[in-house]
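Reading through the structure tokens given below for one structure.
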Amino acid sequence: MTAGAARRDEAVRAAVERGLLGPGSPLVGLLDVTGIRESAVALRAAFDEVTAPGTPVLHAFAVKATPLVPVLGLLREEGIGAEVASPGELALARAAGLTPDRTVLDSPAKTPAELREALALGIAVNADNPQELDRIDALMRSAPSRSPLGIRVNPQVGAGSIEALSTATATSKFGVALRDEGAREWVVRAYAERPWLSRLHAHTGSQGVPLSLMAQGVAATYALAEEINRRIGRPQIDTIDIGGGLPVNFASDVTTPTYADYAQTLKKAVPGLFDGRYGLVTEFGRSLLAKHGTVVARVEYAKSAGGRPVAVTHAGVQVATRTVYAPGAWPLRIAAYDGKGRPKEGPEVVQDVAGPACFAGDLLAQGCPLPLLEQGDYAAALDTGAYYFAHHYAYNSLARPAIYGFAPDGRGGTAFATVREQQTVEDIVAESGGAHAGALTVLRAPGRH
Ligand SMILES: *Cc1c(COP(=O)(O)O)cnc(C)c1O
């Protein structure tokens, strides 16, 4: 068993003992603070190992992966910045104390107001397309900014195994499609005409994309930076932002590929990127958090249908949206715990683990071999620290669960800290137009009543 799995088991047991998890609070998210710190350290070490001494490297966590202020604060303490893609994400990063020099703004749909704010703050911005660059031109004319500015390109190296997450296809919506007719020349000219454009950005990886394909995307981006600097005749591009996208192994507790694997693959494929002529920015999300989150749900009822046991739990589409809607692409491992939160023993039985939502497809796992889940037991969905319980989906007005961070308390036990409180039913009413209860009844066609 890995150390992370042992910490998880202990945390589930302690959460039940402490009453954080029980009949009255049947669903929680747990975050392993030790594991998150270890991943941040591993990321920094992997790139330190391959870069020339003194190379500036900013690891900016993709906030969308786990948009929780305390998580951003923990990562900040570990030297990790933030990559943001909306006014909300920028506000979260600022609430966590991230400074503009540790923040990068990428998004395909930045408004003039967002761009103005980012440039006023001095946050790095990667322009997605020529129209966005026009807006930045206008802002730079009216008030020069110290924001490091770049252009996002799509090297069009091809898709991974999950189409919806593949950013480097020929027709991806992101960045300037580099292999399209005239695009490369346009990019070179854009830099030649704007001495303040100092960065180049690409994000080609994601779940389902192999390291070799990711490395091809980075190599193409590096080659473009080299061409631009050569043609302009000076090293105008001083920083390359290689994006994130390291895939996560959802099939076991082992972390693979590692940041070291990826850094070594890049070093081999693109040695010039690391010789000290370029600063680096990375934007990892899923790989920093996924393995350190667990959603734990009480089994409300255990039943049987058509000969198959079904455990009806409190975790379904509202916390595992991708898995429920696309189970083939996003299977999750489930661990069984007994009513005291101890790993459940017993022979494996093929069963379904269902969620609380009112549609038949609301299943966390189908045909899953596990010790038989019974009423009052707990089912845990593993590796859900990124893009799962932090991404609540309000189906059936199910409440956002509480999230707790955990770490050893130094006395052989586990300490918990609240990351986010459970949403109350009053919150749900307020967020569902509760203040406007009669709003629609006052709209009438003239003459009717
Ligand atoms: C989503 C995203 C990331 C993070 O991707 P992960 O797969 O979570 O590592 C990084 N950069 C950009 C531009 C993104 O859109």
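Its Kirkwood hydrodynamic radius, worked out from the mean inverse distance over all distinct Cα pairs, puts segment 32-288 at 18.3 Å.
Shown for Ser172, Ser287, Ser107, Ser304: other C-beta atoms within 10 Å of each C-beta, ranked fewest to most, produce the order Ser304, Ser172, Ser107, Ser287. Computed extension length for Leu440-Glu348: 27.8 nm, one decimal, from 0.36 nm per residue of separation with the Cα-Cα distance subtracted. Please list log₁₀ I(q)/I(0) at q = 0.15, 0.17, 0.21 Å⁻¹ for segment 212-297, using the Debye equation with identical point scatterers on the alpha-carbon positions. Values returned for q = 0.15, 0.17, 0.21 Å⁻¹ are -0.63, -0.75, -1.01.
Largest first, the extents of the alpha carbon coordinates of segment 153-226 on the three principal axes equal 38, 20, 16 Å. Close lysine pairs were tallied over the chain: pairs 8 or more places apart or on different chains with Cα atoms under 20 Å apart number 5. Spin-label model, Glu163/Leu372: points 7 Å from Cα along the beta carbon direction are separated by 4.2 nm.
Counting only other residues whose beta carbon sits under 10 Å from that of Pro371, what net charge do I get with K and R as +1, D and E as -1? Display every interim value, and only then the final one.
Values: positive: Lys344; negative: Asp338, Glu345, Glu348, Glu374, Asp377.
The answer is -4.
Among 148-155, 336-343, sorting by the average number of other beta carbon atoms lying within 10 angstrom of each residue, highest first, gives 148-155, 336-343. Stokes-Einstein diffusion coefficient for segment 182-258 at 37 °C in a medium of 0.692 mPa s, Rh from the Kirkwood formula over Cα pairs: what value in µm²/s? Translational D for this selection: 235 µm²/s.
Taking the alpha carbon gyration tensor of segment 193-343, multiplying each eigenvalue by 5 and rooting it gives semi-axes of 45, 15, 13 Å, largest first. Couplings 3J(HN,Hα) of segment 193-199, computed from phi: 8, 10, x, 7, 7, 10, 10 Hz, in residue order, whole Hz [Karplus 6.51 cos²θ - 1.76 cosθ + 1.60, θ = phi - 60°; x for Gly and Pro]. Centroid-to-centroid, using Cα positions, segment 142-214 and segment 400-449 are 38 Å apart. The stretch between Glu117 and Ala305, if pulled fully straight at 0.36 nm per residue, gains 62.1 nm over its current Cα-Cα span. Between Gly79, Gly205, Gly410, the residue with the greatest mean-square fluctuation in the GNM of the chain (Cα pairs under 10 Å linked by springs) is Gly410. Of the GluC sites (Glu not before Pro) in segment 298-377, the ones in a loop by DSSP (not H, G, I, E or B) with at most 11 other beta carbons within 10 Å are Glu345. Note down the Stokes-Einstein diffusion coefficient of segment 1-48 in µm²/s, whole number, using a Kirkwood radius over alpha carbon pairs, 20 °C, and 1.002 mPa s. Estimated via Stokes-Einstein, D reaches 173 µm²/s. Give the calculated FRET efficiency between Ala95 and Lys267 to the nearest 0.05, with a Förster radius of 25 Å applied to their Cβ-Cβ distance. Working from the Cβ atoms, E equals 0.10. Only alpha carbons enter this Debye calculation for segment 9-122, each as an equal point scatterer, and the log10 of I(q)/I(0) it gives at q = 0.09, 0.19, 0.20 Å⁻¹ is -0.34, -1.00, -1.05. Mean residue ellipticity at 222 nm, helices only, the chain: -9000 deg cm²/dmol; runs of at least 4 DSSP H residues each add -39,500 (n - 2.57), and the sum is divided by the number of residues.
Paramagnetic label reach from Arg231 (point 7 Å along Cα→Cβ; backbone nitrogen cut-off under 14 Å): within segment 165-203, residues 178-194.
Distance between the C-alpha centres of segment 233-264 and segment 12-62: 17 Å, rounded to the whole angstrom. Which FRET efficiency value, to the nearest 0.05, is calculated for Asp180 and Ala430 with the Förster distance at 45 angstrom and r the Cβ-Cβ distance? So, using R0 = 45 Å, E works out to roughly 0.45. Only Cα sites of segment 325-449 enter the Debye sum here, all with the same form factor; the resulting log10 I(q)/I(0) across q = 0.15 1/Å is -0.93, listed in q order. Taking only the Cα atoms of segment 92-207, the radius of gyration and Dmax are 14.8, 45 Å. For the pair Ala260 and Ala417, the difference between a 0.36 nm per residue extended length and the Cα-Cα distance amounts to 53.5 nm. Remark on the chain: ratio of C-alpha radius of gyration to 2.2 N^0.38 Å is 1.07. As a length-normalised measure over Cα pairs under 8 Å and 6 or more apart, the relative contact order of the chain settles at 18 percent.
All of the numbers you see were taken from the coordinates with simple rules; none came from a lab. Quick caveat: nothing in here was measured; it's all calculated off a predicted structure. Heads up, the Cβs are rebuilt from the backbone with ideal geometry, glycines too, and the neighbour counts pull from every protein chain shown.
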